[in-house]
Amino acid sequence: MRFLALCTALVAATALTGCGGLSGSGSDTQKVTLWLMKGSASDDFVRKFTASFEKEHPGIDLEVRIQEWTGIGAKVNAVLNGTGKESADVIEVGNTQVAQYIETGGLSELTLEGLRTWGAKDWLKGLADPGSINGAQYGIPWYAANRVVIYHKDLFAAAGIKELPRNRQEWITATQKLDKGDQQGIYLAGQNWYVLSGFVWDEGGELAVETGGLWVGTLDSEPALAGMEFYKKLQALGDGPKDADEETPPQAEVFARGQVAQIIAPPGQAAQIEQLNPALKGKLGFFPIPGKTTGTYGSVLTGGSDLIIPERTRNRAAAVDVITALVSEKWQTELARTMSYVPNKTTLAPVVQGDDGAAAMAQGAAQGRATPKSARWAEVEAKNPIKPYMTAVLTGQDPKQAARAASDTLGKVLSSDR
């Protein structure tokens, strides 16, 4: 941070990317730039991490720049291909974005560092898989978040439910008891495809697969249809709209009215619910989405971030040091506890045991998955044929026919550049 003003002036004067290694500068300090996304880490975390890192690496001046999510793809690509005015040595990216950056090119391969130094064997699958291609690792898992069941403790007690459900059948049975009168057993919007994805994976299905160099949608496979059938059964135990997603209306607002027993959401929504209805403070609990059998948790769509290093960096060794610190047990623990995240390794799950929501997330995260590893997936979400498919099934249309139509669209979008 100490030489930021000097560095900015030098960049303007010389069009160089950093102070480190400037010819004739007379300084032994190497500037390293880390891009973090807005909201990923608190200001206090950034301050403490920067001070600690610079103390342990006296030759490095670490500059942390906070980036907005809107428009970040173009900015990252500009760094990777060298066309931008800004540069970075380490960049935080969404885990499902890594595939598009791998396709663009310009990422530094980090396979050996992952295996030798960063504990790759224990990484969460939902963070690690999107960051690799053909066995080469480019995105390094940093933190994860996923959905859990948020439940109303008083409504569970009133229904005589003393133990939380341990498998799908117990979950359905409990939800049936909770669904009575004006009370909803669960509020599940008809187009919550994030939740559906987990049910599809639990049945052994996929959203799409790559075969022969082309992507094929597989929502019409028997396992995927079984996942949709379970979704339909669960969704019927409440009054969620069949033709809208979880933000239309926002499910936190619906839950806050006090007559919903459960929603499936990131645990952070509990704070929103309590803010909307302070009377619910202390009355909300969490449990992982139950799996098909007792002792297993349901699959979940893993969100979160990976860390990448541009090939163009002049400071690769120092960039590796930054990642080494960020993924260390010390800073993984600090980040997880500060932000209620899931750490990047299954072995670090116990560090969030004091946070009920994060602990439930960590249990489910072991079964975390990511969306298909395609650079076109963002285009799928923009058009999202999965949503109208779900509505079609929930409103009585033929599941196989609706799934086949959605699968065709998935394949066309994902293979549009092939």
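Considering T391, T395, T346, T409, which residue is among the hydroxyl-bearing types (S, T, Y) and in the same structural domain as T50 (by TED's automatic domain parsing)? Spell out the reasoning first.
Values: T391 fails: in the same structural domain as T50 (by TED's automatic domain parsing); T395 fails: in the same structural domain as T50 (by TED's automatic domain parsing); T409 fails: in the same structural domain as T50 (by TED's automatic domain parsing).
Result of the check over T391, T395, T346, T409: T346.
Does R376 qualify as being within 22 Å of R147 (Cα to Cα) and of a type outside the set (A, V, I, L, M, F, W, C)? Reasoning before the result, please.
Details: within 22 Å of R147 (Cα to Cα): no; of a type outside the set (A, V, I, L, M, F, W, C): yes.
No.
Determine whether L307 is crowded, with 21+ Cβ neighbours inside 10 Å, at pLDDT 95 or above and on the phi < 0 side of the Ramachandran plot. Break it down into steps so the answer makes sense when it comes.
Values: crowded, with 21+ Cβ neighbours inside 10 Å: yes; at pLDDT 95 or above: yes; on the phi < 0 side of the Ramachandran plot: yes.
So L307 passes the test.
Quick check: anything in region 283-301 touching a strand residue (DSSP E or B) at 6+ places or on another chain (Cβ under 9 Å), crowded, with 22+ Cβ neighbours inside 10 Å, over 30 Å from E163 (Cβ atoms) and in contact (Cβ under 8 Å) with a residue 12 or more places away in the chain? Let's see the steps before the verdict.
Filtering region 283-301 down to residues touching a strand residue (DSSP E or B) at 6+ places or on another chain (Cβ under 9 Å) leaves 283-291, 296-301.
Now drop any that are not crowded, with 22+ Cβ neighbours inside 10 Å, which leaves 288-290, 297-300.
Filter once more, so that each one left must be over 30 Å from E163 (Cβ atoms): none.
Checked against the condition, which is being touching a strand residue (DSSP E or B) at 6+ places or on another chain (Cβ under 9 Å), crowded, with 22+ Cβ neighbours inside 10 Å, over 30 Å from E163 (Cβ atoms) and in contact (Cβ under 8 Å) with a residue 12 or more places away in the chain, region 283-301 yields no hits at all.
Among the candidates A128, A174, single out the residue that is without any contact (Cβ under 8 Å) to a residue 24 or more places away in the chain, crowded, with 23+ Cβ neighbours inside 10 Å and assigned by TED's automatic domain parsing to the domain that holds T218. Can you show your working first?
Details: A128 fails: assigned by TED's automatic domain parsing to the domain that holds T218.
Exactly one residue qualifies, and that residue is A174.
Looking at E92 and the list (1) under 16 Å from S374 (Cα atoms); (2) touching a residue at least 40 places away in the same chain (Cβ under 8 Å), which single condition is not satisfied?
Result: E92 passes all but (1).
Tell me, which residue of region 380-411 that is more than 24 Å from the chain's Cα centre (by Cα), without any contact (Cβ under 8 Å) to a residue 60 or more places away in the chain and farther than 25 Å from D239 by Cβ is surrounded by the fewest Cβ atoms within 10 Å (Cβ to Cβ)?
Q401
Identify the single condition in (1) under 30 Å from K281 (Cα atoms); (2) at pLDDT 95 or above that Q353 does not satisfy, given that it satisfies every other one.
(2)
For the list (1) crowded, with 18+ Cβ neighbours inside 10 Å; (2) at pLDDT below 95, I need the number of the one condition that N134 fails.
The one condition N134 does not meet is (1).
Can you name every residue in region 177-196 that is out of contact with any Pro (no Cβ under 9 Å at 6 or more places or on another chain), in contact (Cβ under 8 Å) with a residue 60 or more places away in the chain and not acidic (D, E)?
L178, Q183, Q184, G185, I186, Y187, L188, N192, W193, Y194, V195, L196, listed by residue number.
Name the helices (runs of 4 or more DSSP H) wholly within region 318-388 that hold at least 1 residues that are of a type in the set (D, E, K, R) and out of contact with any strand residue (DSSP E or B) (no Cβ under 7 Å at 6 or more places or on another chain)? Please lay out each step first, then the result.
Values: elements: 329-339, 356-365, 377-383.
Output list reads 329-339, 377-383.
Just wondering, is there one or more residues in region 248-268 that are touching a Lys or Arg at 6+ places or on another chain (Cβ under 8 Å) and part of a loop (DSSP other than H, G, I, E, B)?
Residues of region 248-268 touching a Lys or Arg at 6+ places or on another chain (Cβ under 8 Å): 264-266.
Within this subset, residues satisfying the condition of being part of a loop (DSSP other than H, G, I, E, B) are 266.
Within region 248-268 (the criterion being touching a Lys or Arg at 6+ places or on another chain (Cβ under 8 Å) and part of a loop (DSSP other than H, G, I, E, B)), the answer is yes, since at least one residue qualifies.
Residues to consider are E92, E68, E109; find the one that is crowded, with 16+ Cβ neighbours inside 10 Å, charged (D, E, K, R), at pLDDT 95 or above and in the same structural domain as T338 (by TED's automatic domain parsing). Can you show your working first?
Details: E68 fails: crowded, with 16+ Cβ neighbours inside 10 Å; E109 fails: crowded, with 16+ Cβ neighbours inside 10 Å.
Criteria check complete, one pass: E92.
Can you confirm whether I91 is β-branched (V, I, T) and more than 26 Å from E329 (Cβ to Cβ)?
The answer is no for I91.
Looking at the structure I just gave you, is E210 surrounded by fewer than 18 Cβ atoms within 10 Å (Cβ to Cβ), out of contact with any strand residue (DSSP E or B) (no Cβ under 7 Å at 6 or more places or on another chain), free of Cβ contacts under 8 Å to residues at least 24 places away in the same chain and not in a loop (DSSP other than H, G, I, E, B)? I'd like the intermediate steps shown before the answer.
Details: surrounded by fewer than 18 Cβ atoms within 10 Å (Cβ to Cβ): yes; out of contact with any strand residue (DSSP E or B) (no Cβ under 7 Å at 6 or more places or on another chain): yes; free of Cβ contacts under 8 Å to residues at least 24 places away in the same chain: no; not in a loop (DSSP other than H, G, I, E, B): yes.
Spelling it out, it is not the case that E210 is surrounded by fewer than 18 Cβ atoms within 10 Å (Cβ to Cβ), out of contact with any strand residue (DSSP E or B) (no Cβ under 7 Å at 6 or more places or on another chain), free of Cβ contacts under 8 Å to residues at least 24 places away in the same chain and not in a loop (DSSP other than H, G, I, E, B).
Find the helices (runs of 4 or more DSSP H) located wholly in region 82-134 whose residues include 2 or more that are farther than 23 Å from A349 by Cβ, within 12 Å of the chain's Cα centre (by Cα) and not polar (S, T, N, Q), and list them. Reasoning before the result, please.
Working: elements: 98-104, 111-116, 125-128.
Result: empty, no element qualifies.
Any residue in region 344-359 that is touching a residue at least 12 places away in the same chain (Cβ under 8 Å) sitting within a Cβ distance under 6 Å of a residue that is assigned to a helix (DSSP H, G or I) and hydroxyl-bearing (S, T, Y)? List the pairs, counting only those 6 or more apart or interchain.
Listed pairs, sorted by first residue: V351/T333.
Is it true that N146 is under 30 Å from V322 (Cβ atoms) and within 27 Å of the chain's Cα centre (by Cα)? Step through it out loud before you land on a result.
Working: under 30 Å from V322 (Cβ atoms): yes; within 27 Å of the chain's Cα centre (by Cα): yes.
Judged against the criteria, N146 is a match.
The values are calculated or read from the model by the stated rules, or taken from the named source; none is laboratory data. Here the structure is a predicted model, which means the values were calculated and not measured. All Cβ positions, even for glycine, are placed from backbone atoms using ideal geometry, and neighbour counts span all protein chains on display.
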